[in-house]
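Report on one structure; see the data block that follows.
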């Protein structure tokens with residue numbers, strides 16, 4: 001699940017439509033004050049956060065996400081006018097900053113948003129692909145299958161990182177849970 005937080009309705013609908021068309025599950029808080037409750041309810045793997053939001057501002061939203069133990073990825077949309085906030089944003093755990101839009105006439109490259117999402121989740125996918133490889137007994141020749149399965153799992157399941165640091169996944173209704181077991185020693 002990808003959460004999109006921006007005050008610009010046209011950009012929000014454009015980003016959401018693009019990501020939905022690409023097969024991502026997307027959620028949007030009804031209001032900026034609803035970001036934290038929705039984060040707790042939906043456990044998004046990525047939050048796309050417009051640093052231009054106000055009341056609370058983007059930096060305050062980011063600070064509160066981290067204060068509430070959100071350990072997912074955060075991609076900030078920011079332009080030159082908010083560059084002074086970026087060092088603080090990195091201190092609060094922004095994973096990537098991509099060019100935002102400037103005022104009412106600005107544009108946003110939605111392909112860049114998707115690339116940032118994929119880039120932010122690359123290490124999670126690699127870790128899951130390795131777990132699948134180990135679960136098969138470290139048999140070679142299925143690298144691509146493992147990677148694609150790991151991508152599917154990371155992008156289609158809601159991942160929640162509890163305070164213990166372990167990963168648990170929420171199984172969607174109608175979905176069969178997959179059990180990963182370590183290979184038996186001979």
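Quick notes on this one:
- Residue in region 23-70 that is nearest to residue 119 (Cα to Cα), counting only those that are modelled with pLDDT under 85 and surrounded by fewer than 17 Cβ atoms within 10 Å (Cβ to Cβ): 23
- Being buried (at least 16 other Cβ atoms within 10 Å of the Cβ), within 27 Å of residue 67 (Cα to Cα), modelled with pLDDT under 85 and in contact with a helix residue (DSSP H, G or I) (Cβ under 9 Å, 6 or more places away or on another chain) is a property that residue 100 has.
- When residues of region 4-13 are limited to those that are crowded, with 17+ Cβ neighbours inside 10 Å and in a helix (DSSP H, G or I), the one modelled with the lowest pLDDT: 11
- For region 41-65, the set of residues classified as at positive phi and in contact with a strand residue (DSSP E or B) (Cβ under 6 Å, 6 or more places away or on another chain) consists of 43 only.
- Residue match in region 119-126 (condition: modelled with pLDDT of 80 or more, under 30 Å from residue 51 (Cα atoms), surrounded by fewer than 17 Cβ atoms within 10 Å (Cβ to Cβ) and in contact with a helix residue (DSSP H, G or I) (Cβ under 8 Å, 6 or more places away or on another chain)): yes
The values are calculated or read from the model by the stated rules, or taken from the named source; none is laboratory data. Here the structure is a predicted model, which means the values were calculated and not measured. Every residue, glycine among them, receives a Cβ derived from its backbone with ideal geometry; neighbour counts consider all protein chains shown.
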